[in-house]
Amino acid sequence: MDKHYNPTEMEPLLQAAWQSEGTYRFDLANEHPVYSIDTPPPTVSGHLHLGHVYSYSHPDFMARFFRMNGMNVFYPMGFDDNGLPTERLVEKRHGVTVAQVGREAFIRQCLEVSEEAEKDYQALWQRLGLSVDWRYSYRTIDDYSRKISQTSFLELYRQGRAYRQSAPTIWCPECRTAIAQAELNDLERESEFVTLPFGLPDGNVLQVATTRPELLAACVAVFVHPEDPRYAALVGGKARVPLYGQEVPLLADPSADPQKGTGAVMCCTFGDQTDMAWWYTHKLPLVEAIDRAGRMTEQSGPLSGLSIPAARKRVKELLEADGLILSRQAVSQSVRVHERCDTPVEIVVSQQWFVRILDRKEELLRAGEQIRWHPEHMQARYQAWVEGLNWDWAISRQRTYGVPFPVWYCKACSAVTLADEAQLPVDPGNAQPSHPCACGGSEFTPELDVMDTWATSSLSPQIVGRWRWEPELYERVYPYSLRPQAHEIIRTWAFYTIVKSQFHFGKLPWSDVLISGWGLAGEGMGKISKSRGGGPMAPMQMIERYSADALRYWAASTSPGKDSIISEEKIQMGGKLVTKLWNVARFSQTFLAGKGRISPPGELTAADRWMLASLQELVQRVSESFRSYEYAAAKSEVEAFFWRDLADNYLEMAKQRLYAPEHPGHLGACFTLRTVLLTVLKLFAPILPYVTEAVYRELFAEAEGCASIHQSNWPTVDAAWQDQQALQTGEDLIEIATTVRRYKSENNLGLASAIMRVQLGASAPALRAALQAAIPDLMSVTRAEAVEVLESSERLTIIIQ
């Protein structure tokens, strides 16, 4: 072994070896139980950042653990490169829009940018050490993914679940597309209640407070609570809208909040979801005051053509000039924004495709209860989302780059005409149906909207499992063992995948869901994202500076579901652990080289038995932690054992025996050291795959008959070495060693300095006997010239001379 471990050189060499040797390949012919992972395909929207390193490391920990436990691991990788995020990346990177360059040219640029980004993504994942089988990779825009997505749409249409209608739709003015309820975030902002006088027939006024006076032209009613005594006599009458003058009905509805504003609320088409519900329930007229570009329409009179913020400012000026503002009050307001761009959304009426889900909410709730969530409380997020659903799933997007709907409309009768499955994947803008319409018509208008990206990525289990086209593979891997993903997309990716699996197959898509938190850029900086700069240092830079293992160490330091501050200090700690592991292995090489497997010798010291007994406890705890997806607990257990028990204490206790081949305890020390070091390497291997592999190949591969530690057997508890008395004795030995070190520190002595005598007293004969047997190891660790064991009235006394 080299004197110094150089991860910059070693890690790429090992990665190349894993690829050439097929270390992580899934074997379809292997009859071992399959552990399949529905890996999240990263969205192609910019450069990957350290938050991705954090979350994508977690499923790799589990893949490596279950692979070493004899399971046939199916670990694919995808790239989510269709839809709005990739379009926005192209617009930002090249400074062009589809209107400027045309549809075909824009799609070509999207494909080129995606391919370039995906090469970078794969290079990072491989350098990070993800044990992915790259033969099973996919793009959500490739032919096969589009074929699967369009097949799903056709099935849902035939089931009566996919439908098209003109309806109020959540709309992003910035992205100029319909979006789904799941794509909304709440954003707190400062706003203002303005109280306005609505004229009443008797000459009095009804005071109405609103934060959206720009929608006065679209006001179609005023609502009050049916039990609000202030307005009971007015219900059923009329009120005149200020500035615009139209008369609207004054109606009662329980959704009106008597405590909000004046208790009288104007209903506009549409200010929010409550407006939409009132419009639908009370069959109110429709006035469209906002267009798809987020500007005021001609219906808004003097505000026509203005943006929404400009219109809000202008209408207040007009109202103020006419003396129509009774009061103004600053308020903090929560507004719904598009998660992609933070633009406040509007509700506009448009023709959209939907998937009907509201009638299956109970079934979807039960599905969530049957899945094992890690951590468990994340199931509550899924449940709250499903319970709060108010909209069917809007799956059409008014964008260019994405999976097309396999649909045309007959010019003669407007009927929907579907593509045949033999045509898939199909772009209806460049093709025609294979048959005439049922009315006999042969001229068609193509559907030019594209599907929401979640409509395709919700089929990731089917895409990577080659549903319908490779049935042997699909039957082996589906339902999947694990879905790893971030907590913020429980409402999208997890939910929509469950929806598709229930609607198409009537079963759960996976048994377990592993939720990761966010990698946070630092105090007050929140979540980092590809599209908003990517946070501090780039992942490749951090890997080159500290090693992939060091980054993985940081990623394993926080439990599932929890956010983690990007801590360079913690990454440095990982680097120090890697170096120490290499140094301990290099020290051990002197005593293990050429010995191969060592049979248990007849003579073992108290320190040997303690280490072997402690090792069994460690194996049991770490294995249980990994099986419970508690990789952070597993890492902490192994790390504590490595530093405290092995490096700081056992090696110092056994050092004199290790350096003296003629010592009767030499073989026992070599056996214990080999057993413990190999086991510790295996327990660390899921977290630190590179340095553990490097040491394993140097010291153990030949004797173990397995080329890679990652294909070796996971350690199991050996009952022969379980010994509670040995564990207690070991703790006593550590207490003695720690007391002597403290004595040396307090007396300004180096740790290697010799001392004359350590006198030990013990009340129990068994403890005195154990300490007597441990004298050689105690002399080694304390550097004492003599160790005496005497009878004492106390359990254990330590006197240093």
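Observations, loosely collected:
- Matching residues in segment 653-678 - criterion: being among the aliphatic types (A, V, I, L, M) and free of Cβ contacts under 8 Å to residues at least 60 places away in the same chain: Ala660, Leu678
- Filter result for the condition that a residue is open to solvent by 10 Å² or more (accessible area, probe 1.4 Å), over 21 Å from Ser332 (Cα atoms) and touching a Leu at 6+ places or on another chain (Cβ under 9 Å), over Gly203, Gly245, Gly236: Gly236
- Taken across segment 733-756, residues that are more than 54 Å from the chain's Cα centre (by Cα) and not hydroxyl-bearing (Ser, Thr, Tyr) do occur, with at least one present.
- Candidate set: segment 252-266, residues that are closer than 24 Å to Ser327 by Cβ and not in a loop (DSSP other than H, G, I, E, B); chosen: the one most open to solvent (accessible area, probe 1.4 Å): Val265
- Residues in segment 124-143 that are modelled with pLDDT of 95 or more and either among the aromatic types (Phe, Trp, Tyr) or open to solvent by less than 50 Å² (accessible area, probe 1.4 Å) (or both): Leu124, Trp125, Gln126, Arg127, Leu128, Gly129, Leu130, Ser131, Val132, Asp133, Trp134, Tyr136.
- Count of segment 32-50 residues which are open to solvent by 60 Å² or more (accessible area, probe 1.4 Å) and either free of Cβ contacts under 8 Å to residues at least 40 places away in the same chain or not in a loop (DSSP other than H, G, I, E, B) (or both): 1
- Residues that are assigned to a helix (DSSP H, G or I) and open to solvent by less than 30 Å² (accessible area, probe 1.4 Å) were ranked within segment 267-315; the one that is nearest to Arg176 (Cα to Cα) is Ile308.
- Filtered residues of segment 587-605 (kept if part of a helix (DSSP H, G or I), of a type outside the set (Ser, Thr, Tyr) and open to solvent by 20 Å² or more (accessible area, probe 1.4 Å)): Phe587, Gln589
- Which listed residue is among the hydrophobic types (A, V, I, L, M, F, W, C) and open to solvent by 10 Å² or more (accessible area, probe 1.4 Å), from Ala703, Ala685, Ala694: Ala703
- Residues that are assigned to a loop (DSSP other than H, G, I, E, B) and not hydroxyl-bearing (Ser, Thr, Tyr) were ranked within segment 761-801; the one that is surrounded by the most Cβ atoms within 10 Å (Cβ to Cβ) is Ala774.
- Of the residues examined, Ala548 is not one that is open to solvent by less than 10 Å² (accessible area, probe 1.4 Å) and farther than 16 Å from His49 by Cα.
- Of the residues contained in segment 710-723, one or more are found to be open to solvent by 20 Å² or more (accessible area, probe 1.4 Å), more than 30 Å from Gln759 (Cβ to Cβ) and hydroxyl-bearing (Ser, Thr, Tyr).
- Any chance Ser152 is open to solvent by less than 30 Å² (accessible area, probe 1.4 Å), more than 23 Å from the chain's Cα centre (by Cα), polar (S, T, N, Q) and modelled with pLDDT of 85 or more: yes
- Within the set Arg657, Arg621, Arg674, the sole residue that is of a type in the set (Lys, Arg) and surrounded by 24 or more Cβ atoms within 10 Å (Cβ to Cβ) turns out to be Arg657.
Yes/no matrix, rows are residues, columns are (1) touching a helix residue (DSSP H, G or I) at 6+ places or on another chain (Cβ under 7 Å); (2) free of Cβ contacts under 8 Å to residues at least 40 places away in the same chain:
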residue: Ala707; (1), (2): yes, no
residue: Gln728; (1), (2): no, yes
residue: Thr738; (1), (2): no, yes
residue: Ser745; (1), (2): no, yes
residue: Met756; (1), (2): no, no
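- Unique match (being of a type in the set (A, V, I, L, M), out of contact with any strand residue (DSSP E or B) (no Cβ under 9 Å at 6 or more places or on another chain) and surrounded by fewer than 24 Cβ atoms within 10 Å (Cβ to Cβ)) among Val90, Val98: Val98
- For segment 371-397, the tally of residues that are open to solvent by less than 30 Å² (accessible area, probe 1.4 Å) and of a type in the set (Gly, Ala, Ser) stands at 2.
- Residue within segment 63-77 that is among the basic types (Lys, Arg) and crowded, with 21+ Cβ neighbours inside 10 Å present: yes
- Any strands (runs of 3 or more DSSP E) falling wholly within segment 117-214 and containing at least 2 residues that are more than 29 Å from Met276 (Cα to Cα): 137-139
- The single condition among (1) among the hydrophobic types (A, V, I, L, M, F, W, C); (2) more than 32 Å from the chain's Cα centre (by Cα); (3) at pLDDT 95 or above that Leu448 does not satisfy is (3).
- Some residue of segment 550-557 being aliphatic (A, V, I, L, M), modelled with pLDDT under 90 and touching a strand residue (DSSP E or B) at 6+ places or on another chain (Cβ under 8 Å): no
- Residues of segment 125-143 that are touching a residue at least 24 places away in the same chain (Cβ under 8 Å) and of a type in the set (Asp, Glu): Asp133, Asp143.
- Qualifying residue in segment 239-251 (condition: in a strand (DSSP E or B), in contact (Cβ under 8 Å) with a residue 60 or more places away in the chain and either touching a Gly at 6+ places or on another chain (Cβ under 6 Å) or within 30 Å of Val337 (Cβ to Cβ) (or both)): no
- Candidate set from segment 341-370 (those that are closer than 29 Å to Val403 by Cα and charged (D, E, K, R)); member that is most open to solvent (accessible area, probe 1.4 Å): Asp359
- Selection within segment 551-586 - out of contact with any Phe, Trp or Tyr (no Cβ under 7 Å at 6 or more places or on another chain) and part of a loop (DSSP other than H, G, I, E, B): Ser557, Thr558, Ser559, Gly561, Lys562, Ile566
- Figure legend. Inter-residue proximity from segment 408-419: first residues among the β-branched types (Val, Ile, Thr), second residues in a loop (DSSP other than H, G, I, E, B) and crowded, with 18+ Cβ neighbours inside 10 Å, beta-carbon distance below 7 Å, spacing 6+ or different chains. Indicated pairs: Thr417/Pro433; Thr417/Cys437.
- Sub-9 Å Cβ pairs linking a first residue in segment 103-124 that is in contact (Cβ under 8 Å) with a residue 40 or more places away in the chain to a second residue that is of a type in the set (S, T, N, Q) and part of a helix (DSSP H, G or I), at least 6 apart or interchain, are Phe106/Gln100; Cys110/Thr86; Val113/Thr86; Ser114/Thr86; Ala117/Thr86, ordered by first then second residue.
- Looking across Lys682, Lys744, one residue alone is of a type in the set (Lys, Arg) and more than 25 Å from Met62 (Cα to Cα). It is Lys744.
The values are calculated or read from the model by the stated rules, or taken from the named source; none is laboratory data. All values reported here derive from a predicted model rather than from experimental measurement. Positions of Cβ are backbone-derived with ideal geometry, glycine not excepted, and every protein chain shown enters the neighbour counts. We work out accessible area using only protein heavy atoms, side chains counted, and drop any ligands, DNA or RNA first. Shrake-Rupley method; radii C 1.70, N 1.55, O 1.52, S 1.80 Å.
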